[in-house]
């Protein structure tokens with residue numbers, strides 16, 4: 001396990017170095033001066049500019065400039081937003097938890113719906129149920145998310161009035177942001193309307209999370225289906241059934257556990273996909289997350305924000321990958337071997 | 001089996017959780033109102049701006065004035081001053097203040113005393129006295145006070161005792177009281193200002209406001225929301241709602257969606273009026289704003305130096321089509337420069353007729369039987385009083401073609417347009433005027449007086465001594481009926497002379513859920529949430545009845561108050 005951890009850690013460090021190299025070089029490709037793009041200080045006075053040039057070591061060669069840039073990132077200094085002139089790292093710290101919250105809830109919904117449906121399809125392999133589930137998943141996969149989001153707002157918010165259409169929580173509730181994860185903050189707050197706020201927040205997260213969940217859920221259906229079919233075809237299942245176990249016992253005691261292991265590995269991969277979908281959905285549902293912020297930054301040509309935002313987001317996705325790898329390794333001893341190490 | 005069984009239970013519980021939400025939230029939402037506003041305020045001090053968005057968010061929510069407009073007739077009534085007295089020569093005006101007015105108690109300020117004369121003097125001196133320590137805080141521009149030239153009018157503000165203040169004016173001016181009742185003449189706290197001076201945070205006075213109004217500021221997130229709490233110790237009955245939230249939603253469709261999804265109770269400037277009126281749980285309301293969109297002539301330039309030509313054109317224009325095509329029916333036809341809601345509006349003025357035959361004969365009389373070619377300047381941007389001047393110009397073009405007048409439409413970028421107009425480079429133009437307060441003088445003097453030709457707000461350059469004499473007399477008489485007569489005479493002169501053709505008074509729209517009662521919109525100035533209340537959604541049948549009853553009461557209430 002130690003070797004496995006070390007391998008992951010080194011992979012992480014090298015990938016991050018590559019990513020910073022990329023975001024560093026992008027500063028020279030964006031229009032405008034590299035030092036302004038790096039720091040976001042568009043209104044800097046000549047004196048401040050001199051200080052900035054000193055801080056980013058622009059008089060030295062490109063290698064030292066890169067080192068200086070790394071130093072700033074490690075210290076948590078991602079520069080200023082060109083549009084609002086506020087500190088990008090504080091903005092990201094404020095916004096990222098909302099995105100994480102939304103993505104996690106969406107992931108949960110996608111798993112809760114996708115995996116059981118996939119299993120059912122596999123058990124009813126080549127029967128009408130299987131075909132039905134597969135065609136529905138095909139449909140779900142092909143629907144563009146922005147259209148689905150608007151349709152969901154039109155049906156569930158405007159026509160039926162079941163769920164709110166925008167934001168994270170009704171503006172009436174004052175919840176102090178401590179962790180940034182709304183649900184935890186609500187539970188920690190001492191507001192007299194705590195449970196009302198909790199209900200309101202769940203109503204707000206429901207529609208966007210479901211919209212995001214649709215595409216990954218269809219992928220989980222296929223993954224669960226294939227992996228279940230594979231498991232059902234193995235010799236140990238046949239042995240179990242030869243032993244005289246009932247079909248239920250076989251599925252719940254042997255098949256599900258083994259099929260799940262294969263799926264967990266893919267959850268990490270799906271998470272990247274899910275965050276991309278979440279970014280578009282945040283715009284539609286006015287969710288105060290990093291996706292909406294990034295897309296607004298693109299509109300406003302806020303290069304510093306784009307570059308730093310992407311860096312943080314990719315770093316975050318990479319951490320999720322590593323975490324799922326660990327979970328996978330913990331669950332499946334085979335994966336800890338050298339063969340799967342890299 | 002366990003796992004499979006769990007899935008539907010989990011989903012069900014999630015659904016239940018969200019379903020019971022509506023019932024549970026009521027207790028807080030019943031006592032609060034969310035208003036979907038169209039933009040962020042620039043500051044929290046209305047003295048510093050003229051922008052409608054800022055006035056809406058601040059003036060009537062956070063502050064009070066010495067006197068205010070009351071009732072349907074918009075007559076002046078007491079507010080922070082319980083009474084006032086004007087001397088015979090009209091030059092000394094004494095205000096007697098209420099003795100029970102408290103300032104807001106907020107996270108950033110705890111008042112130790114009630115409102116007194118110092119606060120009044122501080123508030124006005126700040127705007128009028130260049131040497132006042134707070135004059136230059138936040139830029140030192142007070143556009144409303146500069147426009148009406150209040151600093152030249154007010155010689156001194158004297159403190160007689162703690163609850164009596166006297167204004168010494170350089171001349172009698174009847175619009176002075178009207179100006180004091182406008183949304184800009186609010187009362188700040190001198191005690192708060194003193195504290196800020198000590199803390200060296202003077203500019204906080206405009207960003208962290210303290211006033212005496214029905215609501216106090218709790219939280220402001222730029223571009224996102226403004227949260228107000230009720231001012232519990234308000235000098236009148238406290239407001240019925242405890243919390244007022246401005247949800248800042250600049251996108252038109254965003255506001256509509258939130259309104260339809262019931263995420264806001266009241267929405268500013270709604271689009272898709274039909275969609276809103278179709279729903280029986282929402283209602284659309286409108287007030288005719290105190291403004292006028294008009295077609296003006298430069299009387300210094302031929303052929304518009306001839307009264308007959310101007311009259312001819314006024315008969316040749318079909319205002320009805322203009323209203324339908326340009327305002328989409330969202331405006332009232334203008335008969336004079338004053339809207340119907342003004343107390344000086346004269347019912348006896350006959351409606352302008354559409355009569356091309358008469359127009360032609362008038363043109364012949366003026367010596368232009370073969371017609372002529374003219375330039376028409378159309379403003380390039382959308383304003384409340386004229387949402388689309390270019391379309392209007394095209395319609396006028398086709399109307400005037402019928403009486404052999406060829407129209408060239410000209411437009412410049414907005415600032416250039418205004419500058420060139422001021423220099424008098426135009427022949428005729430499409431423009432409008434929005435009044436700051438309901439005193440009729442805010443139309444007559446700045447739009448058409450001789451002095452306004454120098455100030456650049458009268459771009460017809462029409463200067464009529466008789467008209468000027470009328471409006472001056474009207475300003476010097478305190479008696480409303482006499483003033484009315486003078487204004488009626490002034491309007492009769494305008495009708496004869498036609499320096500401009502008034503076209504429309506546009507309306508301001510607002511949409512709200514039917515469970516929200518109380519007046520919010522006013523024909524002039526900012527919105528007001530003081531009288532707003534919310535009905536319980538669950539008792540639907542009794543609710544609507546009650547709301548009708550309540551609304552009637554409100555009207556009576558405003559009439560008396």
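Since every read-out is calculated from the coordinates, none of them should be taken as a lab result. None of these values were measured; they are calculated from a predicted model. Glycine also receives a Cβ, built like all others from the backbone with ideal geometry; neighbour counts cover every protein chain displayed.
Summary table
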| item | result |
| --- | --- |
| Antiparallel bridge percentage (DSSP; both residues within region B:291-506; nearest 5) | 60 percent |
| Shielding by other protein chains, A:190-197, mean Cβ within 10 Å | 3 |
| Averaged over A:164-177, number of beta-carbon atoms from partner chains that fall within 10 Å | 5 |
| Ranked packing of B:318-327, B:85-94, A:162-171, most packed first, by mean Cβ within 10 Å | A:162-171, B:318-327, B:85-94 |
| Cα gyration tensor, region B:213-364 - rounded (a/c under 1.5), prolate or oblate | prolate |
| Tensor-based shape of chain B (alpha-carbon gyration tensor, a/c under 1.5 rounded, otherwise prolate or oblate) | oblate |
| Partner chain coverage, peptide A:200-209 - average Cβ within 10 angstrom | 3 |
| Burial ordering of A:210, A:315, B:264, fewest other beta-carbon atoms within 10 Å first | A:315, A:210, B:264 |
| Value at 222 nm in deg cm²/dmol, rounded to 500, when DSSP H runs of n ≥ 4 in chain A each add -39,500 (n - 2.57) | -24000 deg cm²/dmol |
| Alpha-carbon gyration tensor eigenvalues x 5, square-rooted, for region A:90-336, Å | 36, 21, 19 |
| P(r) tail fraction, region B:382-448 - alpha-carbon pairs more than 20 Å apart, % | 43 percent |
| Footprinting exposure proxy for B:184, B:372, A:252 (fewest neighbouring C-beta atoms within 10 Å first) | B:372, A:252, B:184 |
| Ellipsoid equivalent to region A:16-74 - semi-axes via the Cα gyration tensor, in Å | 19, 13, 10 |
| Radius of gyration and maximum dimension Dmax of region B:113-214, Cα, Å | 13.6, 41 |
| Helical mean residue ellipticity (222 nm; -39500 (n - 2.57) per DSSP H run of 4+; nearest 500) of chain B | -11000 deg cm²/dmol |
| Relative contact order of chain B, pairs being alpha-carbon contacts under 8 Å that are 6 or more residues apart, as % | 18 percent |
| Cα shape, the protein assembly as shown, gyration tensor, a/c 1.5 rule | prolate |
| Residue exposure sequence - A:287, B:433 - by fewest surrounding Cβ within 10 Å | B:433, A:287 |
| Paramagnetic reach from residue A:226 in region A:117-142 [backbone N under 20 Å; point 7 Å along Cα→Cβ] | A:117-127, A:130-142 |
